[in-house]
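Encoded as structure tokens, the structure appears first; notes follow it.
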Amino acid sequence: MTVNYAQMIGLAHNFLALGAGLLGIGFLIGFHELGHFLFCKLFKIRTPSFSIGMGPRLFSKTIGDTEFSLSLLPVGGYVEIAGSAEMGQGEQKEAHATDEGSFARRPFWQKFSVMFGGILFNIIFAYMALVAIFYLGVPQSPLLYPRYASATIATIKLESPAQKGGLEAGDVITAIDQHSITSPEQITKIIRERPGQTVLLDVVRTKENKKISVTVGSQEIRPGTAIGFLGIDFSPKVYTLSEAFVQAGDATWYLMKEIGGAFKRIFFKGEISNVGGPLAVIAQTVKGAQMGLKMFLLLLAFISLNLALLNLLPLPIMDGGQIAYYGIEAITGRPLSEKVREYIHYVTWIFLILLVGILSIRDIGGFLGLL
């Protein structure tokens, strides 16, 4: 029997990536719940249980007044908060508690802080992951590229307009048609708008200033619509640690705006063609783990921001929905009736299950090459 060591190593690598991907998703869920938990502790609100994962329980230990547990599949989690009844959040032994240590007796600002804590922790994780990414070197991903690259040409594609025009790797583009350039994002935007036109580039090559005329290539993206291209890739920009903290803040806000725009298109225009279901999220996370630490961290940061903004939505199964409930309670002086909450909750769950089902079927079809 011949042992193919290359295949064995490849299989082991895939299993490790799968494990890293699942652990990464589990960590994001756990970190979100940790935000709720720590704000409860800050306000001395009891938390009877803190559970991460689904399926068979692997670990359970009671520390203080909280039972911590870990289950086999790291794809869910919750913190039980005494005096906060939430459907689908485990056994909830003290859901209707009304004593001094309960959530129910707290003012709205504390309830808001506890609910917002998970969202805040997702944003904090994304920010810190981005700090590490900027310090280690930004990977060439559409999430951050070319916005956070340098204007230095890294590679030039064969037979591209850039190669035909005389550009070389290492050239730094400083202006296009006498308009100063400060980022590769500017270069990309200007070039995309000028298919087939000749542009004059100011470049710095080994400390020497040069002017190079290049005819922009044209690529049709749909009938009657073309965009320009040069056929170049830009070098990643190197940041100091202090610069990384600043750039990570900018990138966090930039990604949140992009995600917010995507949510707007989904809910107001019904655009779900670019939306992935749970299987696609897991697959992309595993793929990121296979591509190295920086790409893995970037994907986790992106997913974490998605979780943060998703939980801001005023749906009863999200933190934003709970905040809305408690806001109505604070304004009216009484909570919504249990029946009304149940009705809204079940309708929302049915909608979510249908959406997840549709996306999952599409994901499976895509994996099998059927769609």
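The values are calculated or read from the model by the stated rules, or taken from the named source; none is laboratory data. These numbers come from a predicted model, not from an experiment. Note: ideal-geometry Cβ built from the backbone for every residue, glycine included; neighbour counts use all protein chains shown.
Please state which one of 4, 14 is at pLDDT below 90, over 20 Å from residue 307 (Cα atoms), within 26 Å of the chain's Cα centre (by Cα) and among the polar types (S, T, N, Q).
Working: 4 fails: within 26 Å of the chain's Cα centre (by Cα).
Testing whether each residue is at pLDDT below 90, over 20 Å from residue 307 (Cα atoms), within 26 Å of the chain's Cα centre (by Cα) and among the polar types (S, T, N, Q) leaves just 14.
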Original post:
Mind checking which pairs have a first residue in the stretch 159-176 that is assigned by TED's automatic domain parsing to the domain that holds residue 195 and a second that is assigned to a helix (DSSP H, G or I) and not polar (S, T, N, Q), Cβ under 7 Å, 6 or more apart or different chains?
Top reply: 173/187; 176/187; 176/190
**OP:** Would you check which residues across the stretch 204-223 are closer than 18 Å to residue 155 by Cα and free of Cβ contacts under 8 Å to residues at least 40 places away in the same chain and list them?
**Re:** 204, 205, 206
**OP:** Note down all Cβ pairs under 9 Å where the first residue falls in the stretch 91-113 and is within 16 Å of residue 37 (Cβ to Cβ), the second is part of a helix (DSSP H, G or I) and among the acidic types (Asp, Glu), and they're at least six residues apart or on different chains.
**Re:** 111/329
**OP:** Read through the list (1) surrounded by fewer than 16 Cβ atoms within 10 Å (Cβ to Cβ); (2) of a type outside the set (A, V, I, L, M, F, W, C); (3) at pLDDT 80 or above; (4) under 24 Å from residue 76 (Cβ atoms), then give the number of the only condition that residue 257 fails.
**Re:** (4)
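Would you check if residue 131 is crowded, with 19+ Cβ neighbours inside 10 Å, under 22 Å from the mean Cα position of the chain (by Cα), at pLDDT below 90 and of a type in the set (A, V, I, L, M)? If you could, list the steps in order and put the result at the bottom.
On the way: crowded, with 19+ Cβ neighbours inside 10 Å: yes; under 22 Å from the mean Cα position of the chain (by Cα): yes; at pLDDT below 90: no; of a type in the set (A, V, I, L, M): yes.
For residue 131, the condition - crowded, with 19+ Cβ neighbours inside 10 Å, under 22 Å from the mean Cα position of the chain (by Cα), at pLDDT below 90 and of a type in the set (A, V, I, L, M) - is not met.
The rows are residues; the columns are (1) within 28 Å of residue 301 (Cβ to Cβ); (2) surrounded by fewer than 12 Cβ atoms within 10 Å (Cβ to Cβ).
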residue	(1), (2)
182	yes, yes
193	no, yes
212	no, no
230	no, no
Original post:
In the stretch 98-117, which residues are of a type outside the set (D, E, K, R) and either at positive phi or buried (at least 24 other Cβ atoms within 10 Å of the Cβ) (or both)?
Top reply: 103, 114, 115
**OP:** Look at the stretch 224-246 and say how many of its residues are out of contact with any Lys or Arg (no Cβ under 8 Å at 6 or more places or on another chain), without any contact (Cβ under 8 Å) to a residue 60 or more places away in the chain and under 17 Å from residue 161 (Cβ atoms).
**Re:** 1
Original post:
In this structure, does residue 157 turn out to be of a type outside the set (A, V, I, L, M, F, W, C) and in contact with a Gly (Cβ under 6 Å, 6 or more places away or on another chain)?
Top reply: yes
**OP:** Residue by residue through the stretch 299-319, note down the ones that are buried (at least 19 other Cβ atoms within 10 Å of the Cβ) and not hydrophobic (A, V, I, L, M, F, W, C).
**Re:** 304, 306, 311, 316, 319
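Yes or no, residue by residue, for (1) assigned to a strand (DSSP E or B); (2) within 30 Å of residue 149 (Cα to Cα):
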| site | (1), (2) |
| --- | --- |
| 28 | no, yes |
| 68 | yes, no |
| 74 | yes, no |
| 99 | no, no |
| 113 | no, no |
| 125 | no, yes |
Original post:
So residue 49 fits all but one of (1) free of Cβ contacts under 8 Å to residues at least 24 places away in the same chain; (2) surrounded by 21 or more Cβ atoms within 10 Å (Cβ to Cβ); (3) polar (S, T, N, Q); what number is the exception?
Top reply: (1)
Subject >> Scan of the stretch 138-191 for residues that are within 24 Å of residue 218 (Cβ to Cβ), outside any strand (DSSP E or B) and among the hydrophobic types (A, V, I, L, M, F, W, C), ordered by number >> reply: 158, 162, 167, 169, 181, 187, 190, 191
